[in-house]
Amino acid sequence: MYEKFARDYEKAITDNIYNGHLERPSLFAMLPELAGKSVLDLGCGPGLYAEYLINQGATVTAIDASREMVEIVKEKLGDNVRTYTQDLSRGLPAEKEATYDVIICPLTVHYIEDVGLLFGDVKRLLKQGGEFIFSTHHPMVDFEVSPSGNYFQKELITEEWDTVGHPVEVSFYRRSLTEWFESLAAADLCVTHLSEGKPSERMKSVCAESYKKLSTTPNFIFFKCEVR
């Protein structure tokens, strides 16, 4: 979906329910003041976050595993952003230590089987007092499709999503909340704020039914972390 249908995906998530009116506003709400800050956008997708960060006065590096997504970011933001292709499961070898004030990673970590290398590099790249903010699927939502029925077992899930207007097969890893905390602790990253998201007020007029559902039922989970 993120390579072959990258441009369809960009159009789909700009103003949709789950990305445009739940995930992005919830993660935006956790960001610190960005003016003058150096920010790393991991799993940048088509650059919606990068564009927001730049508009807030940040200097931005945007990275994605999809070459097509990176091309979209280059077309959209040009010299205003440093961007390149990198498989995040292999860490961030091209980045220097203590470079960034803020690192974000929206809805990407669930595609990585072993997040240890990435989280370790996040710690290495953060400046003193820097923050790591990321979102992922809520563990209880993913547990509903667990093939084993064992909440504490990490599992690869494959589903068909219609995000781009037609079914596309997507695979991701399901983890317990315990495993998320243990993975962060192993990288010496301390959770300072946890959120389960909040729909934007505009969602009421876009889809009142979705607003009611997502105001009472979790879908994503958001972590803000600092180096211990």
When residues of the stretch 141-174 are limited to those that are in contact (Cβ under 8 Å) with a residue 60 or more places away in the chain and out of contact with any strand residue (DSSP E or B) (no Cβ under 9 Å at 6 or more places or on another chain), the one farthest from K11 (Cα to Cα): G165
Test: residue in the stretch 139-162 that is crowded, with 17+ Cβ neighbours inside 10 Å and in a loop (DSSP other than H, G, I, E, B): no
Residue match in the stretch 174-196 (condition: modelled with pLDDT under 95, assigned to a strand (DSSP E or B), out of contact with any Pro (no Cβ under 9 Å at 6 or more places or on another chain) and not polar (S, T, N, Q)): no
Extreme residue, farthest from the chain's Cα centre (by Cα), among residues of the stretch 57-72 that are surrounded by fewer than 24 Cβ atoms within 10 Å (Cβ to Cβ) and over 9 Å from V39 (Cβ atoms): G57
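Where residues in the stretch 10-49 are in contact with a Pro (Cβ under 7 Å, 6 or more places away or on another chain) and either outside any loop (DSSP other than H, G, I, E, B) or acidic (D, E) (or both), which of them is farthest from A208 (Cα to Cα)? Can you show your working first?
Applying the first criterion (in contact with a Pro (Cβ under 7 Å, 6 or more places away or on another chain)) to the stretch 10-49 yields 10, 21-23, 27, 43, 49.
Those still in the list that are either outside any loop (DSSP other than H, G, I, E, B) or acidic (D, E) (or both) too: 10, 21-23, 27, 49.
Numbers: E10: 24, H21: 12, L22: 13, E23: 17, L27: 22, Y49: 26 Å.
Filtering the stretch 10-49 for residues that are in contact with a Pro (Cβ under 7 Å, 6 or more places away or on another chain) and either outside any loop (DSSP other than H, G, I, E, B) or acidic (D, E) (or both), the one farthest from A208 (Cα to Cα) comes out as Y49.
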Any pair with Cβ under 9 angstrom, 6 or more apart, that starts in the stretch 190-209 at a residue that is under 17 Å from H137 (Cα atoms) and ends at one that is part of a strand (DSSP E or B) and among the small types (G, A, S): S195/S135; G197/S135
Answer residue from the stretch 77-122, given it is more than 17 Å from the chain's Cα centre (by Cα) and on the phi > 0 side of the Ramachandran plot and is surrounded by the fewest Cβ atoms within 10 Å (Cβ to Cβ) among those: G78
Counted residues, the stretch 109-135 - those being out of contact with any strand residue (DSSP E or B) (no Cβ under 6 Å at 6 or more places or on another chain) and either more than 18 Å from A186 (Cα to Cα) or in a strand (DSSP E or B) (or both): 2
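The values are calculated or read from the model by the stated rules, or taken from the named source; none is laboratory data. Predicted model, so just to flag it, every value in this text is computed and none were measured. Positions of Cβ are backbone-derived with ideal geometry, glycine not excepted, and every protein chain shown enters the neighbour counts.
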